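Laboratory data are not the source of any read-out in this text; all were calculated from the coordinates shown. No experiment lies behind these values; they were computed from the predicted model shown. Note: ideal-geometry Cβ built from the backbone for every residue, glycine included; neighbour counts use all protein chains shown.
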Amino acid sequence: MTVGSQMPYKKYIYIFLLISPLIAMVLSLLIGKFAIAPGDVIRLVIFNLLAAETSYPGVYHTVIFEVRLPRIFLGMLVGASLSVAGAAFQGIFRNPLVSPYILGLSSGAAFGAALALAVAPQFPVQISALFFSLVAVGFAYYIATSRGSTPIISLLLAGVIVSAVFDSLLSIIQMAVNERALQSIVYWLMGSLAAASWSKIYSALPMSLLGCAVIFLLRWRLNVLAMGDEEARSVGMNPELYKAVFVVAASLAASSVVSVVGIIGFVGLVIPHMIRMIFGPDHTHLIPLCITFGAAFMVLVDVIARVGMGFEVPVGVITTLIGAPFFAYLLRSTRSGGWE
Amino acid sequence: MHKGSVVAALLCLVLAVSSACCGEVTIKDDLGREVKINSPSERVVFMMENALKTYYAVGDPQNIVALKDDKWMRKLLEDIFPVIDPDFEKKLTVSVTGGSVDLESLAKANPDLVVLWATTPDDANIKAIEETLGVPVFAIFVRSIDDVIHQVDTMGVISDRMERAAEVKGIMHDYMNITTNVTSSIPESERPKVYWMWTDVLGTAGVKSGINDLIELAGGVNVMKFSENETAMMMEHPVVNLEMLIKLNPDVIYMWYNENLDPEDILTGEDFKGWKDINAVKNGRVYEIRNPYLFDAFSPRMPLALLHVAMDLHPDRFKDVDMNKTIDDFHVEMWGVHYPSMEKA
């Protein structure tokens, strides 16, 4: 199938979505609380690319290259990773309600973060969140696997069980800690890009890239998996093997970013749906567009989070407030959300 | 001084004194509710640690029958409670689950007064305790330094020890004066702009907060005072973003005790490269409240917190102050205990 073959204008939307991260990046780079004229921003970026000296105050350089750019790139990484992981999980589970957090990843990460924030500060929050998010997914997969087979329904239920256990453990920590520690936990749970830095990007990048790359390279197999295990076997594919590969890849991608920015909801659920509603369920197009549009969506939403109000709003709150009405509009204007 | 707090304090005293002869008094709590209590209340349950410190400075420890079950918190407390009150470890405990007080364990303590933290008169715990158990509740809601001092009067009424309460207030004022006698004469131009960093790093103190009072008394000025955004300025706990902070450009960053972060991280950490053009970072002026229990600004130890901050803001003006001796003297006068040896004075 080619994109332009059905409706000609979709070709332009397709191209627009592919280049959307660039548009979002330029827009986001020009907007901020620290007023720098757009012309100065552009000149500084060009001079920096050419390694030329400038007469601009040093603080301009810091704001653009140490504050805005890390935040933009981290936002892109988060948006792309969560969207791709969401698309992969929705394909494996053949279920439109699935998000990257279906196997208890977010509950495990939240517990890990709370543990480091309030109980064992000697452990870095990011590492603790990453460790427990992967433990949660691994545990869910272990519970669901029986005699070499991992039925989808068992995996879903195992995810519910693991999430419930980690949510309960998180509640115990929240009840026992002091108010200030509780405040830190709650803020982490809401998800934010406010603490973005190059070092955080570098720490999340390898696992995120690995997870996204695996899903991207094997994306056509998701089309086969989405038809069911029997159909997959009939074309010579081992569904158990590929389910495991996609679960691991999606979990790595999502865990790596969640451990850095906290739990940002809705992106992993809604972006794949938005793309699917416009271009249909073919993962060969769905996955690359989830990467680009997920990245652009997150960066644009973060612009609102950082300059929309007088104070910093957790970006997870804005993703839902912006994403939900747009999602509702698309849902009403397409049949079955693109699943048929 | 906040006018509202002064009026509330006077009203509280008037109401209390007017009926003190009868044993039962009517006082106004921090939420403005009129509460009828026994003076002295002889079976008091404390559901918050700060007010307990104040009570121990004023009242009879024997009149406390139960405390909030705060096991993890207590492990962290290097504190004087067991020295002041030999029965401290034997007190009943009342748990709080999901923000709700366990009424059954509270009933077991058979209290005649419960002291707890609440921010609104409609607080579910207040209603549950008063309506279900028929026990009066005194709500504590501290928003300023004046509220901390006013709390001493409250504990004086609850324990029927107004004279000791006056003494304690005198001690607090004396120790505050060590700081304010110096800082009150500092001209505006020499007051550093201070960014207060709560544990969420970009969360700070608004201009209508107890921390704002603390910064001003310590000879600084809250950097949020210069925020162009009035909404953020007026919030008790605004969350700024880094660009806004760079624009505000504080001279000093003062961190609340943070187990996950040290001033060194802000000054040289990889995650804080975006902070390098802020004056406080450029000049190495990032400080931390090193002991959150000893330097607790919302308890009777507030004068120590004040001195601690002032000494960091203006080291040259306080070079003759012996902090360790001041801390020890303060504890002896307030609770009759040496610090940090924890020996009875």
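Observations, loosely collected:
- Our summary gives chain B a relative contact order of 16 percent, counting only alpha carbon pairs under 8 angstrom and 6 or more residues apart.
- Estimated FRET transfer efficiency (residue B:163, residue B:326; beta-carbon r; R0 35 Å; 0.05): 0.90
- Using the Cβ-Cβ distance between residue B:108 and residue B:131 with R0 = 25 Å, the FRET efficiency computed as 1/(1 + (r/R0)^6) comes to roughly 0.85.
- 30 Å Cα-Cα threshold exceeded, pairs from B:282/B:325; B:28/B:91; B:28/B:68; B:108/B:169; B:68/B:325; A:33/B:193: B:282/B:325; B:108/B:169; B:68/B:325
- If both residues of a DSSP beta bridge must be in the protein assembly as shown, then about 30% of such bridges are antiparallel.
- Other protein chain C-beta atoms within 10 Å of residue C-beta, averaged over B:199-206: 5.
- Förster-model FRET efficiency, 51 Å R0, residue B:97 and residue B:282, C-beta, rounded to 0.05: 0.60
- Take each peptide in A:218-228, B:52-62, count the other Cβ atoms within 10 Å of every residue, and average; sorted highest first, the result is B:52-62, A:218-228.
- The mean count of C-beta atoms from other chains within 10 Å of the C-beta of residues in A:54-63, rounded to a whole number, is 3.
- When the GluC sites (Glu not before Pro) in the stretch B:279-343 are filtered for DSSP coil states and for at most 10 other beta-carbon atoms within 10 Å of their beta-carbon, the remaining sites are B:343.
- By average C-beta atoms within 10 angstrom, highest first, the peptides A:289-301, B:163-175: A:289-301, B:163-175
- Between residue A:160 and residue B:89, the distance separating the two model label sites (each 7 Å from Cα on the Cα→Cβ line) works out to 4.7 nm.
- Distance between the modelled labels on residue A:147 and residue B:62, one decimal in nanometres: 7.4 nm (7 Å Cα→Cβ projection).
- Each residue, residue A:22 and residue A:175, gets one label point 7 Å from its Cα in the Cβ direction; the gap between the two is 5.5 nm.
- Here the stretch A:273-289 and the stretch A:8-26 have alpha carbon centers that stand 14 Å from each other.
- Chain B: most fluctuating residue of B:242, B:31, B:304 per GNM, C-alpha cutoff 10 Å: B:242
- GNM flexibility winner over chain A from A:197, A:99, A:184 (Cα, springs under 10 Å): A:184
- Farthest toward the positive end of the dipole of chain A, out of A:216, A:168, A:264, is the Cα of A:216, where the dipole comes from beta carbon charges about the Cα centre.
- For A:189-202, mean number of other protein chain Cβ atoms within 10 Å: 3
- Percent RCO, i.e. relative contact order, over chain A, from Cα pairs under 8 Å lying at least 6 residues apart: 28 percent
- Report summary: the helix-based calculation at 222 nm, which adds -39500 (n - 2.57) for every DSSP H run with n ≥ 4 and divides by the residues of the protein assembly as shown, gives -18000 deg cm²/dmol.
- If the segment from residue A:51 to residue A:95 were pulled out straight at 0.36 nm per residue, it would be longer than the present Cα-Cα gap by 10.8 nm.
- The residue among A:122, B:292, B:57 whose Cα reaches farthest toward the positive pole of the charge dipole of the protein assembly as shown, with charges on the beta-carbon of Lys, Arg, Asp and Glu, is A:122.
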